[in-house]
Amino acid sequence: MPDAIVAEGLAKRFEEVDAVAGISFRVRQGELFGFLGPNGAGKSTTINLLTGLARPDAGSIRLGGIDCTQRPRAAQHLIGVVPDESNLYPELSGYENLTFCGALYGLAKRERETRARELLDAFGLAEAAARKFGGYSKGMKRRLTIAAGIIHRPEILFLDEPTTGIDVASARQLRQLIAELHRAGTTIFLTTHYIEEAERLCERIAFIVAGRIVQIDSVEHLLQPLQGWYRVRIVSANGTSGLPDGLAEAFPTLAFSCPEPGVLEAEAGEPIRVGAIVRVLEERGIEVVEARRLRPSLEEVFVRVTGIATDAMRQERERAGGGR
Amino acid sequence: MTGAVIRWGRWGRAFWSILRKDMRTYYLKPPNISWGLLFPLAWTGMFFIRSGGVDDIRSLLPGLATISILFGTTSMLAITVTFEKKGRSFERLLLAPIPLELLMLAKTSGAILFGVANACVPVILAAFLVDLSTVAWGSFATAVVLIAVVSTFLGLFVAVAVSEVFEAQTLSNFFRFPMIFLCGLFFPVGDLPLLLQPLAWLLPLTYGADALHGAVHGGNGLPIALDLGILCAYGVGLFLLSLVNIRRRWIA
């Protein structure tokens, strides 16, 4: 069975900017593959190249074994695309939008009507089926846009920032829907700048920065280098913004930091005896209210690999209006 | 053979759905129906009131039909194409597994039908005022359809060349208003200053208006078949040019 997506040396330049700079990757059949990077990293350009909305300056793309650089339209019946903005027709109802999209893929009348009803049910939109798409909430719009992307039962689904700009409950519901589609065997190519989302959903992840893939691996393997690394977080009720006197000297093997007032973090390459630190702090009159081990996260891997502070990604998220 | 039939069946469904969606979403909306009726009505009423008699109405009809088609079609393309591209819903169509040629024909068919309907307004009004039994209806209908096709593809060419709806309208006016005077709609091209006459023969509507004049009152300067042939060539040329632009600008 051929890989679902094969990209080799894919490059796209806009004026003076290398939007995508010679990237290569493979996505296996039925895999949920994450494409993670900050805004402007080249995620959407890559999706446009893969789906035929843009032509690569160099490189090749195969979708389901079909060479898309030679036959860009031939593979389009294999794919479904959910863009980063809901781009259905506001004047049409949810049901009409779905049947229209079904017709674009050549589904016969009865088949597209049945499929539209089935999807409206599955996506919790049956009651809003007759309402105009323009009157839907953001979360409903995203759900219907995903439904429209799979109306023709594509083998490969491209999801571009599916949960950006929607509320927490809708985002959670969407993640469940994505996981269900994946379980049903659909190959999913997911771009996101939400690290936790990629970690939670994806089997393999590529980090893309400034048009280049800097790391590509399974979530498990990406986290591997951090498995022998320990970090604890201690929160005090009356702590100061600085490091308490003598703490570093008392624990010379630990690296301490104060990320914010009242919070102390310690890192080491061996298990950390939290009780000893707490005792020292209390001897200095600091009242500890919480002490816990921080599990290694993909966010840390991302920061280590890309050098990009995740604060910047968070700010992007906030600007996008997204909730987790 | 069976594969080709299935493929064409799928394309046919896609074509019909796009056309039907555009008709419902744009062309059959009350504002557009009223625009499609009021604009030709206003022009026709104004010209007929100022006309000097039955012969005048006959000579005005080709120009009024042409102008109604031109403004009706070019105005709509800015919405059905530029607006959808701006709102990114056009991407959904570009992602569908149908040939670009078929997609653009589906997107423009509504405008062609709208243009033909616009042309009916002055004809119906004229039918109440003068005897139109001498009109060569076959040539007239063919010319109306071809003018609608060429005007639509002219609108498509403009709609694809710009990014904003207002730019499409502005750029369209650069073509539309000069054509009212240059294309022999209301007076013969031969009456234009000599310097402007070559320009008039470069414009497709000149041939459309000439064919209509021939069909209505025999006042054509070129054989009607030649007029229609040239209109066809313009139609094909503008359509192909628009496709090149779409590939260059939108699927680059």
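The values are calculated or read from the model by the stated rules, or taken from the named source; none is laboratory data. Owing to the predicted nature of the structure, the values given are computational and were not obtained by experimental measurement. Cβ atoms come from the backbone with ideal geometry, glycine included; neighbour counts cover every protein chain shown. Side chains included, ligands, DNA and RNA excluded: accessible areas come from the protein's heavy atoms. Shrake-Rupley method; radii C 1.70, N 1.55, O 1.52, S 1.80 Å.
The spread of Cα positions in the protein assembly as shown, taken along each principal axis and listed from longest to shortest, comes to 111, 54, 47 Å. When the accessible area of the stretch A:126-255 is computed with all protein chains present and a 1.4 Å probe, what percentage of it is carbon and sulfur? Carbon plus sulfur share of accessible area: 50 percent.
More than 12 angstrom separation, counting every C-alpha pair in the stretch A:177-232; what % is that? In whole percent, the long-distance tail amounts to 72.
For chain A, the mean residue ellipticity at 222 nm estimated from helices alone is -9500 deg cm²/dmol, where every DSSP H run of n ≥ 4 contributes -39500 (n - 2.57) and the total is divided by all residues, rounded to the nearest 500. Accessible area per residue for the stretch A:228-293, computed on protein heavy atoms with a 1.4 Å probe, is 57 Å². Here the Kirkwood formula, the inverse mean of 1/r across different C-alpha pairs, assigns the stretch B:2-249 a hydrodynamic radius of 18.6 Å. The heavy atoms of A:Ser24 present about 60 square angstrom of accessible area, all protein chains included, probe 1.4 Å.
Per residue, the accessible area of the stretch B:2-249 comes to 42 Å² when a 1.4 Å probe rolls over the protein heavy atoms.
In the complete set of protein chains, residue-level accessible area for B:Phe83 is approximately 120 Å², probe 1.4 angstrom. Taking θ as phi - 60° and the Karplus parameters 6.51, -1.76 and 1.60, the scalar couplings of the stretch B:18-31 work out to 5, 4, 5, 4, 5, 4, 5, 7, 10, 6, 9, 6, x, x Hz in sequence order, x denoting glycine and proline. For the set A:Lys138, B:Lys85, solvent exposure ranked by accessible area (probe 1.4 Å, protein chains only) runs largest to smallest as A:Lys138, B:Lys85. Each chain gives up part of its surface: A and B jointly bury about 2700 Å² of accessible area, both sides summed, for a 1.4 Å probe. Counting lysine pairs in the stretch A:5-224 whose alpha carbons fall under 24 angstrom apart, excluding pairs fewer than 8 residues apart on the same chain, gives 6. Solvent-accessible surface of protein heavy atoms, probed at 1.4 angstrom with all chains present, puts B:Ser59, A:Ser93 in the order B:Ser59, A:Ser93, largest first.
Once you reduce the stretch A:227-265 and the stretch A:273-310 to the center of their Cα atoms, the two points are 7 Å from each other.
For B:Tyr26, the accessible surface of its heavy atoms amounts to roughly 20 Å² (probe 1.4 Å, protein chains only, rounded to the nearest 10). The mean number of partner chain beta-carbon atoms within 10 angstrom of a residue's beta-carbon across peptide A:100-113 is 5.
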